[in-house]
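Everything on this sheet refers to the single structure shown next.
The values are calculated or read from the model by the stated rules, or taken from the named source; none is laboratory data. Note that this is a predicted model, so its numbers are computed, not measured. Cβ placement follows ideal geometry from the backbone for every residue including glycine, while neighbour counts extend to all protein chains displayed. All accessible areas refer to the heavy atoms of the entire protein, side chains included, with ligands and DNA or RNA removed. Shrake-Rupley method; radii C 1.70, N 1.55, O 1.52, S 1.80 Å.
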Amino acid sequence: MTDLARSGSRTSDPADRPKIVRLHPFGLDGARTGPISLATALLLLAAWFLATHFRLVPPLFLPTPQEVATQFLAVVEDGYAGATLWEHLSASLFRIFSAAVIAASLGIPLGLAMGLNRWAKGVFDTPIEFYWPLPPLAYLPLMIIWLGIGEVSKIVLLTLAMFAPVCLSAQAGVRSLPIERVNAALSLGAGRWQLFRTIVLPSALPEILTGLRIGIGVGWSTLVAAELIAATRGIGFMIMSASHFLATDVVFVGIGIIAAFAFAFSYGMRLLEAWLVPWKGKS
Amino acid sequence: MLQVRNASVFFSARDGRVVHALDRASLDIDANSIVVALGASGCGKSTLLNAIAGFLPLSEGSITLDGQPVASPGADRGVVFQKDTLLPWSSVADNVALGLRFAGVPGRERRERAEELLGLVGLESFADAFPHELSGGMRQRVGIARALATDPKILLMDEPFGALDSLTREQMQELLIDVWARTGKRIFFITHSIEEALFLGTTVVVMSPRPGRIVAHFDVDFVRRFAAERDVRAILSAPEFADLYDEIRSLVHRPQAEAESRRMVLQ
């Protein structure tokens, strides 16, 4: 009787909660890292602030946070190098988006075809494997010679950089399709197109989205290279131009803007993934 | 009637040797019967099922369903796999109705039929759940409902309860008998459990490995008795059940024992 009363009180009284245990985890196992990341960011900011405050680094190399903030407001207000911040930003976003749309609309179907068809794989495997490890800066001169210094060469350069991860991930998506799932669909009477539409495509979708996320990341990191080509607009151009005048604060502003947008895109892709493939990792 | 005649299958092993997976197997599956293929791993029972399903061509022999030769997979043969093959992005009802969707049945009709079949397997309240929210046994029930949705002439079941715990497995066996008694579907069922074979089969074919072949046929009536009386314990404790169990057990183990004795002679 007393035991029963005690066990009853043990679950109801929070102060007397039993010790909750679980199996020892390995690796991260879903542990929360957000607060640590936030603390790291604050620490880095503090280090920057202190380093500039005590002039540990010459201001030409490392501007103070205040200078960067002031310069950011100045660029927002007056623009930079004869164009407003919005014109720089929209020029860069237009290039990245055009390239992403082209890379996805070519890379996804081609990757799927290469995962499904011997001829597609055989024909396209060599050129893609050959070009994709090349750094975009290496073929940049060719782009200029072949395509001139207009928008085309910039968008083609970005497209080339984004295409490979998208195409390769679509292939990997097809490869990850279990044969039992295909057989199940066939024995339910699926035709070729139905098999592709209802089984192959959704099965490959998680991998395709991962490829797009990587592709857009690669796009941002190639942007500065693309805007080296005689551009007068663009965040990458802004950074390059500022560096010629040793305007490190403007360089910092540009880097900050690219980082913020790349982060926002990556986060948006994650949301898209959670919405489109909620089953990922659950089966 | 489903007829398998002198079906042989030869595979090529990775080292280039030829594996004789199925050797001149012949089998009839009549209306209203449950034929259970029983044997140790490597005896060719899954090979036989894959050939009937149309996933695998035969090296020799023939398979016909109501006189039509079987050449490729089709909705006239419903398959329930050992591993669950439900689509994780579709609801339970959509999974069940997948075959109807392929057949071009309109949405509302699909939904009605799916709900009807989910009722048959006791999952009527899970129509809008997703596969990852279900237990292993429930997923297999969805798999059975899905295979029945296109109203196939035969149900092919490849160790469907092999991955389930023994309690769930017993429930699933009884459920399958109910489904069979109500729909009258003929069933080809694969297992390596002698007890399951005797409990479910109207015919039990015992297979032996290397090369995979059918070594014995037994006509059994425990499943009909269960459908009529619903008394598991009476069946499992019946002396005829125990006798058949022992007889089949010795058959299943014999080739192994022979092989081992041969090895001992060689040494």
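Quick notes on this structure:
- Structure-based [θ]222 nm, chain B - -39500 (n - 2.57) summed over DSSP H runs of at least 4, per residue, nearest 500: -13000 deg cm²/dmol
- The percentage of C-alpha pairs in chain A whose separation is greater than 33 Å is 45%.
- Candidates A:V57, A:V21, A:V200, ranked by Gaussian network fluctuation over chain A, Cα under 10 Å, top entry: A:V21
- Candidate lysines for bridging to B:K185, where Cα separation is under 26 Å - those fewer than 8 sequence places away on the same chain excluded: B:K45, B:K83, B:K153
- More than 26 angstrom apart: percent of Cα pairs within segment A:48-169: 48 percent
- All alpha carbon pair distances within chain B were sorted into 10 Å bins beginning at 0; the resulting P(r) in whole percents reads 7, 28, 34, 22, 8, 1, 0.
- CD proxy at 222 nm, helix term only [per DSSP H run n ≥ 4: -39500 (n - 2.57); per residue of chain A; nearest 500]: -24500 deg cm²/dmol
- Peptide A:193-204, shielding by other chains (average Cβ, 10 Å cutoff): 2
- The H on the amide N of B:V80, modeled in the peptide plane, is under 5 Å from the matching H of B:L156, B:M157, B:D158, each at least 5 residues off or on a different chain.
- Close amide H partners of B:M207, meaning residues 5 or more places away or on another chain with modelled amide H under 5 Å apart, are B:L38, B:G39, B:V215.
- Most fluctuating residue given options A:D125, A:D16, A:D29, as computed from a GNM of chain A linking Cα atoms under 10 Å: A:D16
- Placing one equal scatterer on every Cα of segment B:115-176 and applying the Debye formula, the log10 ratio I(q)/I(0) at q = 0.20, 0.21, 0.30 Å⁻¹ is -0.79, -0.87, -1.44.
- Heavy-atom accessible surface that B and A bury in contact, both chains counted, 1.4 Å, Å² to 100: 1800 Å²
- Above 17 Å, the calculated P(r) of segment B:1-148 contains 67 percent of its Cα-Cα pairs.
- Computed over segment A:117-227, the convex hull of the alpha-carbon atoms projects to a mean area of 8.1 nm².
- Partner shielding of B:85-92 amounts to 6, given as the average count of beta-carbon atoms from other chains within 10 Å of each residue beta-carbon.
- Dimensions (Å) - segment A:216-283, Cα atoms, principal axes, largest first: 55, 23, 15
- Relative contact order of chain A: 21 percent, from C-alpha pairs under 8 Å at least 6 residues apart in sequence.
- Taking amide hydrogens as placed 1.01 Å from N in the peptide plane, the amide H of B:V220 sits under 5 Å from those of B:T203, B:V204, each at least 5 positions away in sequence or on another chain.
- Average beta carbon contacts from partner chains per residue of A:175-186, 10 Å cutoff: 5
- With the alpha-carbon atoms of the protein assembly as shown aligned to their principal axes, the span from lowest to highest coordinate is 97, 78, 65 Å, starting with the largest.
- GNM on chain B, alpha-carbon springs under 10 angstrom: the most fluctuating residue among B:G119, B:G137, B:G99 is B:G119.
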